[in-house]
Amino acid sequence: MTKKYCTLITLLYTAFLFAQTYSGPKEDINSILDNAKKFSSYVMASDYEKIADSYTKTAKIFPNGLDILDSRKEIVEYWTLPEGLETSHHKIFPKEVVIKGDTAYDYGYYEGKTKKADGSEVEWRGKYVIVWKKNNNEWKMYLDIWNGIRKK
């Protein structure tokens, strides 16, 4: 195959892998997507209060391998990194966002890097599902579940 065809196949594969489907009012979809980007920025800034504020007051998170965490205190504790670690990269790739009234869901993939005190970095990626609730015209995460994908 020529280089031109290899490039075309790669582009089509990438488009298929990250194809997105959005259903609902455009303003609400944009708000959810913006809140997801802000969440990533809070994670990278280690801003644990803003991370917690991204969730509803009755939110539950379902971290990989742990029990359901259902209080603001538990959510802050979960996201608080040990001394010497930082999240140097965090990005969410929504595949689908569906809005039904004041409830929405989205699912997709995430990726990131954790930087250790010695300067080395560990890359990670996984998949997620989020249920969003709209309250006072603001979309916040109500249920947040994720788990990692092993490298091949």
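The values are calculated or read from the model by the stated rules, or taken from the named source; none is laboratory data. Values in this document were obtained by computation on a predicted structure and should not be read as measured data. Note that each Cβ is placed from the backbone with ideal geometry, even for glycine, and that neighbours are counted across all protein chains shown. Keep in mind that these areas ignore ligands, DNA and RNA; they rest on the heavy atoms of the full protein, side chains included. Shrake-Rupley method; radii C 1.70, N 1.55, O 1.52, S 1.80 Å.
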(message) Rounded to the nearest percent, how much of the accessible area of the chain (1.4 Å probe, protein heavy atoms only) is carbon and sulfur?
(response) 55 percent
(message) What do you get for trypsin sites (Lys or Arg not before Pro) in region 28-126 restricted to DSSP loop and a cutoff of at most 15 other Cβ within 10 Å of the site's Cβ?
(response) Lys116
(message) Just to be sure I understand the model, the point goes 7 Å from the Cα along the line to the Cβ. What's the resulting Ser88 to Lys38 distance in nm?
(response) 2.8 nm
(request) With 23 Å as the limit, write out which pairs from Lys91/Lys140; Lys38/Lys60; Lys115/Lys140 have Cα-Cα distances beyond it, or answer none. (result) Lys115/Lys140
(request) Using Cα positions and a limit of under 15 Å, work out the aspartates and glutamates in reach of Lys50, with same-chain residues fewer than 8 apart set aside. (result) Asp34, Glu74, Glu77, Glu138
(request) Please tell me the relative contact order of the chain in percent, rounded to the nearest whole number, where contacts are Cα pairs under 8 Å and at least six residues apart. (result) 22 percent
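GluC sites (Glu not before Pro), restricted to region 30-83: which are DSSP loop and have at most 11 other Cβ atoms within 10 Å?
When the GluC sites (Glu not before Pro) of region 30-83 are filtered for loop state and at most 11 Cβ neighbours within 10 Å, Glu83 remain.
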(request) Obtain the nm distance between the two label points defined at Glu123 and Glu49 by a simple spin-label model: each point lies 7 Å from its Cα along the Cα-to-C-beta direction. (result) 3.5 nm
(request) Find the percent of Cα-Cα distances in region 20-88 that exceed 16 Å, and round it to a whole number. (result) 56 percent
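Tell me the per residue accessible area of the chain using a 1.4 Å probe; a whole number in Å² is fine.
Per-residue value: 67 Å².
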(message) Restricting to DSSP loop positions (anything but H, G, I, E, B) with no more than 13 other Cβ atoms inside 10 Å of their own Cβ, which chymotrypsin sites (Phe, Trp or Tyr not before Pro) remain in region 17-96?
(response) Phe18
(message) From the helices alone, meaning DSSP H stretches of at least four residues, give me the mean residue ellipticity at 222 nm for the chain, per-run term -39500 (n - 2.57), in deg cm²/dmol to the nearest 500.
(response) -10000 deg cm²/dmol
(message) Under 5 Å between amide hydrogens, which residues at least 5 positions from Gln20 or on another chain qualify, with H placed 1.01 Å from N in the peptide plane?
(response) none
(request) Place a +1 charge on the Cβ of each Lys and Arg in the chain and a -1 charge on the Cβ of each Asp and Glu, then give the dipole magnitude about the Cα centre in debye, rounded to the nearest 20. (result) 700 debye
(request) Please go through the residue pairs Lys73/Lys134; Lys26/Lys151; Lys37/Lys73; Lys73/Lys152; Lys26/Lys116 and name each one whose alpha carbons sit more than 31 Å apart in this structure. (result) Lys26/Lys151; Lys73/Lys152; Lys26/Lys116
(request) Please turn the phi angles of region 112-123 into ³J(HN,Hα) values with the Karplus equation 6.51 cos²θ - 1.76 cosθ + 1.60 (θ = phi - 60°), one per residue in order, whole Hz, x for glycine and proline. (result) x, 9, 10, 9, 8, 4, 7, x, 6, 10, 10, 8
(request) State, in angstrom, two size descriptors of the chain derived from its alpha carbons: Rg to one decimal place and Dmax to the nearest whole number. (result) 17.1, 56
(request) For Lys57 and Lys151, calculate 0.36 nm times their separation in residues minus their Cα-Cα distance, and state this gained length in nm to one decimal. (result) 30.3 nm
